Structure formats: structure tokens, C-alpha cells
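First comes the structure, then the notes that go with it.
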Amino acid sequence: MTRFTYPVWFLGAVSFVLAAIVAFNVWSDAYILHHPSGASLQTVSGFERVMKPAWLESVAPDVVFVGSSRIRDGFDPVLIDLAFGVRSFNYGVSSISAYESRRFVQDAAAQPTVKTIVLSVDAFSGDDGGRKTGQGFDELRLAVTADGAPTSDRGFWLFTTRYLSGGALGMHALGLYLLEQLSPGQRAADRPDLFEAYSGMTSANFRRDMVYRRARVMRLADGAHTELLSALAGVCHRGIRLLLFFPPDNAAIQARYEANDAAGLAAFKATVVADAVRHNKVCEGKVAVFDFLRRNALTTAPLVNGRSQVYVDLVHFRPAIGVRLFRVMFDPTGADTVLAHDLASEKQ
């Protein structure tokens, strides 16, 4: 019997560790999803590509925000749900590719509860340099395949994602840490030291970001345009409202876009509008385009007491601004006294 001692011990130890990981992830996942501020974790960077497909199905939202870290930082479901009486989900991930953007739109459109998808078109700008997906992305976690067919055995893959993967362990540990730092009655907005989406750009941040983003352009490459058209096709016959928007990047960085490639920026905007017009002529699911990438009350707002009330940096806007942007897009007739003059005519 001695020769069996080590294998039994080894398998027992492995089984115990796996059981402990599953138990921790099951408890943490439920805790985060039911915590009053749990949805604010969707604004946090870290393992988004791993966990968000699983969280999307659990949340069963009416409204889904898709896009880059601009989306991730700018739309806190806790604020959105309270302001609009909806159930929302933030499907933003860092440095999203055009392909991932299209696939996340497909995934959101396949959810039976979703009525509105908000997509920031900056995700289709520039050149991904051949990069199709980011670390942690997995086709098997999404509700449909790239050609729109249901994903086989998705329930199994979502189970392993949220309860057995290292990404789940990391996201749950980070989430518990952040939520446990909140005092009773506090929200993420009260702790910008923990939830960076709520921090504010300073003069030093501004100067540093101007150097970092000095070569940035905003143009639509051919491959990215193909993905955008595929994203539009994904909602064509689903009766889903798709809201496309050019994000309100700070006026200073807009000037860089103009200096680096003004023609590319103008063509990008014109192409998106033309695509939406063609889409709306033949599709049940309608598209609206909003252009916040211009001089307006947000993009020209000065620092107040040395800190921006609008931006985290030159391109990432704060969640309170996300509420205001969504108000214009979700209900263009609604009142926003500060933005009404600048933004009411920006729907294309």
C-alpha cells in the first residue's frame, strides 16, 4: 500500500485546492453581484475579458455599454441604473480591438433582455497592428460565434471561467478588497483613491498625457471598418437600439488629432454616419450616431481647484459625465441645461 500513498496524497491535495478555489470563487462571485456597489467593479481594470462575459449573463441587463477603457471608466452601472431606472452593464475593456468590439456587440445582442447597446466608435480607430484580441479574450465565453451561431457548450466554459480560472480568482480577490474598503453607505464615487475612474486629471496629468498621446490619430482603417459593419449587422434583425458615439476627448488632444490627420478624422465621422443611414433604411434595429468629439462644454471645461471635473486624463471621462452623455443619447428630448446648447444638435 505504501506505493499508493504519494498518488493518493497528491490527488487529495489537488482536489482540496481546487475545491477551495471553487468555493471562494462561488462565494465571491455571488457577493460581488449582490453588493450595492458591486457593479462599480465593472469600471476597474483587471481581468475584464475573462469575467465580463460571465457577469453579462448573470446581470441580464437592458442596456450594455461596449468599447475601450473610455467606456470602462466612463459608465458606472450604479450611477446609470439609479439615474435612468434601467439595468445596465459595462462591457468596456482596456485597449479593445475592432474585432473584440464587434464580438462584444454580438454577445450583447444575443442576450434576450438587452434593448439598447451603446458603442464608442473610438474602438475602431487607428491600427491594431495585426492584434485581433487582447489577453484573456476567449470566443467560447460569448453567446454566439463570429458568424452568429450559438456557441456550443457555453455553459461549461462560463462555469470554468468564473469558478476555476486564474482570472476569476484575481478579479474576485481584487473586487473583495475594493468593496471591503468602502464604509457603510459609501459608494465608489466616494473613494477615488480606490476606484480610479472617479479620480480627476491635474495639470501634471495633462502635461504628461499630452506628451504620451502626441502622435495619436483618429481614423478608420479598412479592417476596422469591416468590423464596424459586422457589428451593425449583428443588431440589424434583433430590434435592438444601437447608439454609436464619438467620445468627448479633451479639446487639447482633439487638436492633436486634427494636426496629425484632419482628413482621416473627418472621413471617419462621415463614414460612420453614412453607414448608419444605410443601416436604418433596411434594418429593424435602428442606429443613432452622436458626435461629442468637438469643442463643447465638456471638452473645453477648465480645471477646478487644480483638478478636472470631467476627465481622468485627456481621453477618459469620469462616470458622472457618462450619466450626462447617456442622457443625451438615451433621451435626446431630456433636459441637461449645461449641455443642451452644445450637444442637442450633435445627433446625426
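Laboratory data are not the source of any read-out in this text; all were calculated from the coordinates shown. For clarity, every value in this text was computed on a predicted model and none was experimentally measured. Cβ atoms come from the backbone with ideal geometry, glycine included; neighbour counts cover every protein chain shown.
Charge tally for residue 181 (other residues, Cβ to Cβ under 15 Å; Lys, Arg +1; Asp, Glu -1): -2. The alpha-carbon of residue 269 sits under 22 angstrom from the alpha-carbons of these lysines, leaving out residues fewer than 8 places away in its chain: 281, 286, 347.
What share of the DSSP beta bridges in region 2-343 is antiparallel, in percent to the nearest 5? Within region 2-343, antiparallel bridges account for around 15 percent of the total. With the cut-off at 1.5 for a/c, could you classify the chain from its C-alpha gyration tensor as rounded, prolate or oblate? Verdict is prolate for the chain. The dipole here belongs to region 45-179: it is taken about the Cα centre, uses +1 on the Cβ of Lys and Arg and -1 on the Cβ of Asp and Glu, and is about 100 debye. In this simple spin-label approximation, residue 95 and residue 193 carry label points 7 Å from Cα along the Cα→Cβ vector, and these lie 3.0 nm apart. Dipole magnitude for the chain: computed about the Cα centre from +1 point charges on Lys and Arg Cβ and -1 point charges on Asp and Glu Cβ, it is near 240 debye.
Each residue, residue 5 and residue 17, gets one label point 7 Å from its Cα in the Cβ direction; the gap between the two is 2.1 nm.
Backbone amide hydrogens, once placed in the peptide plane, bring residue 317 within less than 5 Å of 312, excluding anything fewer than 5 places away on its chain. Put simply, when 93-102, 205-214, 145-154, 63-72 are sorted by average Cβ atoms within 10 angstrom per residue, most first, you get 63-72, 93-102, 205-214, 145-154.
Take 231-241, 280-290, 319-329 and order them by the average number of nearby Cβ atoms within 10 Å per residue, most first; the result is 319-329, 231-241, 280-290. Could you compute the net charge surrounding residue 201? Neighbours are other residues with a C-beta less than 13 Å from the C-beta of residue 201; K and R count +1, D and E count -1. Taking every Cβ under 13 Å from that of residue 201, the sum is 0. For the chain, the 222 nm mean residue ellipticity estimated from helices alone, with every DSSP H stretch of n ≥ 4 adding -39500 (n - 2.57) and the total spread over all residues, rounds to -15000 deg cm²/dmol.
Karplus-derived 3J(HN,Hα) values for region 161-176, using 6.51 cos²θ - 1.76 cosθ + 1.60 with θ = phi - 60°, are 5, 8, 10, 10, 7, x, x, 5, 4, x, 5, 5, 5, 5, x, 4 Hz; glycine and proline are entered as x. Net charge of the neighbourhood of residue 314, taken over other residues with C-beta under 12 Å away and scored Lys/Arg +1, Asp/Glu -1, is +4.
Reducing region 29-53 and region 194-261 to their Cα centroids gives an inter-centroid distance of 23 Å. The C-alpha atoms of the chain define a longest principal axis, and helix 251-282 lies at about 80 degrees to it. Rounded to whole numbers, the Karplus 3J(HN,Hα) couplings from phi for region 72-80 are 4, 6, x, 10, 8, x, 4, 6, 4 Hz, using 6.51 cos²θ - 1.76 cosθ + 1.60 with θ = phi - 60°, and x at Gly and Pro.
When you restrict to C-alpha pairs under 8 Å that are six or more residues apart and normalise by the size of the chain, the relative contact order lands at 20 percent. Placing unit charges on the Cβ atoms of the charged side chains and taking the dipole of the chain about its Cα centre, the candidate lying farthest along the positive direction among 144, 71, 163 is 71.
Relative protection proxy for 296-307, 106-117, from highest mean packing down: 106-117, 296-307 (other beta-carbon atoms within 10 angstrom). Bridging of residue 52 to lysines at a Cα separation below 22 Å is possible for 115, 132, once same-chain residues fewer than 8 apart are set aside.
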